[in-house]
1. Tell me the per residue accessible area of region 74-114 using a 1.4 Å probe; a whole number in Å² is fine.
2. GNM, the chain, Cα, under 10 Å: largest mean-square fluctuation among GLU43, GLU84, GLU138?
3. At 7 Å along Cα-to-Cβ for each site, give me the label-to-label distance between LYS2 and GLU225 in nm.
4. Summarise the accessible area of the chain (1.4 Å probe, protein heavy atoms) by the percent that is carbon and sulfur.
5. Of the listed pairs LYS128/LYS194; LYS66/LYS147; LYS2/LYS160; LYS37/LYS89; LYS89/LYS147; LYS147/LYS268, which have alpha-carbon separations greater than 25 Å here?
6. Helix 142-161 against the longest principal axis of the chain: what's the angle in degrees, Cα atoms only, rounded to the nearest 10?
7. In nm, what is the difference between 0.36 nm times the number of residues separating LYS96 and ASN28 and their Cα-Cα distance?
8. What share of the DSSP beta bridges in the chain is antiparallel, in percent to the nearest 5?
Amino acid sequence: MKRTTLVLGACGQIGTELTLTLRAKYGNDAIIATDIKEPSLIELKEGPFEILDASDAMGLRAICEKHNVHTVYHLVAMLSATGEMFPMKAWDLNMKSLLHVLELAKEKVIEKIFWPSSIAVFGPTTPKQNTPQQTVMEPSTVYGISKLAGERWCEYYFNKYNVDVRSIRYPGLISWKSQPGGGTTDYAVEIYYKALEEGRYTSFLSKHRALPMMYMEDAIRATIELTEASSENVKVRSSYNLAGISFDPSSIGTSIKKMVPEFELNFKPDFREEIAASWPESIDDSAAQLDWGWAPKYDLEAMTEAMLTNLRAKLQLS
Ligand code: SER
């Protein structure tokens, strides 16, 4: 039986696009999509789909054995804003599911893992501009604490048990095919929907609160490139810094206005402003560039054009 690839959290913002991209590349049957709920996007059912709670160790093992899984993309997590409302649930989900997958790799049931970390591993004491790969890390959210702990576990399993695990510290991800949920960077997706649907948006982050961000197409390419890089080139086994675009609500608003001149942007910061204020404004990803050749393609203008064009078609707006 051929070995397959498993996507945990296939109905989520990243999982949806990753599953579709991997299937286009390797064929529908090579990619096993799983999630805790049935997909709303019908395309996800065009290949194997299994309902799975990623924190159920036995269920996860059974699916890995049934499908002879080689590589697991682990994309299940409770993000920063929701995590602050349910701290214990966030810790439980984010840590348990990762440890189950690491254990399966240690036992050689599976061979390779991709697991995402986040800019949330950094905190208020981290240098904000061009944040280095190695620096002070004192995260102040439960999400960030769980991602930092996860990074340490990944490196530990690599060093102790030779587990082939690879990871990226994702910036905020911006996509039109699937929506994010529960994150602090979600405003940068909502703003495009509201610009087209209502011509106005009220940002929950303040005008000049800059954060590192990336268009989903770049993020998916980075994910697959790192996972498929030859092992000796993957020198960081905790998680790689990854940079795309750095912008604040005001500049994304200006870029939208170029295509939607009547667009009106207001600001009403809420509790997410404090989370955003604890994160970097821009990221130094020279390690990813050097080790596995990372280079992003989209800048803010190109992303805005892609988002508005694709969303107009999706929402059937003229
Ligand atoms: N997008 C995430 C969040 O906002 C950060 O990784 O929580």
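The values are calculated or read from the model by the stated rules, or taken from the named source; none is laboratory data. All values derive from a computational prediction rather than experimental measurement. Because the Cβ atoms are built from the backbone with ideal geometry, glycine has one as well, and the counts that use them run over all protein chains shown. Please note that ligands, DNA and RNA were not included when accessible areas were found on the heavy atoms of the full protein model with its side chains. Shrake-Rupley method; radii C 1.70, N 1.55, O 1.52, S 1.80 Å.
1. Result: 42 Å² of accessible area for each residue.
2. Judging by the Gaussian network model, the answer is GLU43.
3. The two pseudo-label positions are separated by 2.6 nm.
4. Answer for the chain is 52 percent, counting heavy atoms of protein chains only.
5. Table pairs above 25 Å Cα-Cα are LYS128/LYS194; LYS66/LYS147; LYS2/LYS160; LYS147/LYS268.
6. That works out to roughly 30 degrees.
7. Values: separation 68, 0.36 × 68 = 24.48 nm, distance 2.86 nm.
Stretched out fully, the LYS96 to ASN28 stretch lengthens by 21.6 nm.
8. 10
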